[in-house]
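Comments concern the structure below.
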Amino acid sequence: MFKIIRVNMSDLSVKKEDVPEAYQGLGGRGLTSAILLGEVEPTCSPIGPNNKLIFAPGLLGGTKCANSGRISVVDMLNAKYMVFH
């Protein structure tokens, strides 16, 4: 039901895939942190080609709950300085 959309800016390709079991039940900061920790090397350059820019809605996104329209955005540069939006 839920999908992850991956955009590769090197070759401008887009692919949709099902959310892996490891990421089920996560949203917002939890999801962005899990993807960053699981898929990006800790020594990755913040401005290098192996870095990822991750956008994730919260678990209640798309519902009528107050403040459910927020998203979390993180990348290696922000993670190194512990800045989460």
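Among (1) in a strand (DSSP E or B); (2) modelled with pLDDT of 90 or more, which single condition is Asp11 missing?
(1)
Can you tell me which of (1) in a strand (DSSP E or B); (2) in contact with a helix residue (DSSP H, G or I) (Cβ under 8 Å, 6 or more places away or on another chain); (3) loosely packed, with under 10 Cβ neighbours inside 10 Å is the one Ile47 doesn't meet?
(1)
If the Cβ limit is 7 Å and pairs must be 6+ apart or interchain, which residue in the stretch 24-36 that is farther than 19 Å from Asn51 by Cα pairs with which residue that is modelled with pLDDT of 85 or more and surrounded by fewer than 17 Cβ atoms within 10 Å (Cβ to Cβ)?
Pairs found: Leu26/Ala34; Gly27/Pro57.
What's the number of the only condition in (1) more than 19 Å from Leu60 (Cα to Cα); (2) surrounded by 10 or more Cβ atoms within 10 Å (Cβ to Cβ); (3) modelled with pLDDT under 90 that Arg6 fails to meet?
(3)
The values are calculated or read from the model by the stated rules, or taken from the named source; none is laboratory data. All of these numbers come straight from a predicted model, not from anything done at the bench. Cβ atoms come from the backbone with ideal geometry, glycine included; neighbour counts cover every protein chain shown.
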